[in-house]
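Structure record follows, encoded as structure tokens.
The values are calculated or read from the model by the stated rules, or taken from the named source; none is laboratory data. This is a predicted model, so every value here is computed, not measured. Counting neighbours? That spans all protein chains shown, and the Cβs are built from the backbone with ideal geometry, glycine included.
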Amino acid sequence: MRPEMPPEMARQGESIDVITRSEAETAAVGARLAQGLRPGDVIHLLGDLGAGKTVFVRGLVSGLGLDPDDVSSPTFTLIQEYRGPVTLFHVDLYRLAGAEVSDLELDALTADGIVAIEWADRLPTPDARAIIVRIDDAGDDERRVRVDPPDAPR
Ligand code: ADP
Ligand code: MG
């Protein structure tokens, strides 16, 4: 962790690349990213099952000042909403087939708030406007957490 890094760096085009050593540290990276987010932003979360994508979203939710207590993978609801001064839509594509994903009309959500999508690599087309969060197992409780700004301006 590099606490001296200004929270808005990810949205200014800088990347984050850190090793976290606990669930709380991964959530803290999410909370820091949240500081620079605004409605219309899209976050794509990539990484294996158990990598920490949902943990990261819990950090996003708390960083946005929303209640993180009930953040879990939206297994049955597909899309969970956390409403407050800003709204976060939390989407998990794990159980969807490609055709179902394209029916979701995720674009419509971005008009309304911030959208965080687990298993975003299952989307039929890449979104150059998305912030990419990639989490990889680095052994035991260690995770490599990378945040990259969008390829295209939003
Ligand atoms: P995903 O949504 O990617 O499938 P989850 O966020 O649901 O994964 O679960 C991550 C699991 O890994 C949790 O049980 C969490 O406690 C554990 N864990 C251990 N170390 C870390 C870490 N450094 N960062 C995030 N999660 C961690
Ligand atoms: Mg998950």
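Values computed for the structure shown
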{"read-out": "Test: residue in the stretch 50-62 that is away from ligand 2 (no atom under 16 Å from the Cβ), part of a loop (DSSP other than H, G, I, E, B) and either within 21 Å of residue 135 (Cβ to Cβ) or at pLDDT below 85 (or both)", "value": "no"}
{"read-out": "Subset tally (residues that are assigned to a loop (DSSP other than H, G, I, E, B) and surrounded by fewer than 23 Cβ atoms within 10 Å (Cβ to Cβ)) for the stretch 28-40", "value": "5"}
{"read-out": "Output for the stretch 124-137, where each listed residue is within 22 Å of residue 94 (Cβ to Cβ), surrounded by fewer than 17 Cβ atoms within 10 Å (Cβ to Cβ) and in contact (Cβ under 8 Å) with a residue 60 or more places away in the chain", "value": "136, 137"}
{"read-out": "Qualifying residue in the stretch 29-41 (condition: within 16 Å of ligand 2 (Cβ to nearest atom) and either closer than 25 Å to residue 141 by Cα or modelled with pLDDT of 95 or more (or both))", "value": "yes"}
{"read-out": "Cβ pairs under 7 Å, 6+ apart, first in the stretch 141-152 and hydroxyl-bearing (Ser, Thr, Tyr), second not in a strand (DSSP E or B)", "value": "none"}
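Residues are listed down the side, and each one gets a yes or a no for (1) at pLDDT 95 or above; (2) under 16 Å from residue 49 (Cα atoms); (3) in contact with a Leu (Cβ under 6 Å, 6 or more places away or on another chain); (4) of a type in the set (Lys, Arg):
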| position | (1), (2), (3), (4) |
| --- | --- |
| 91 | no, yes, no, no |
| 97 | no, no, no, no |
| 101 | no, no, yes, no |
| 106 | no, no, no, no |
| 111 | no, no, no, no |
| 129 | no, no, no, yes |
| 135 | yes, yes, no, no |
| 145 | yes, yes, no, no |
| 149 | no, no, no, no |
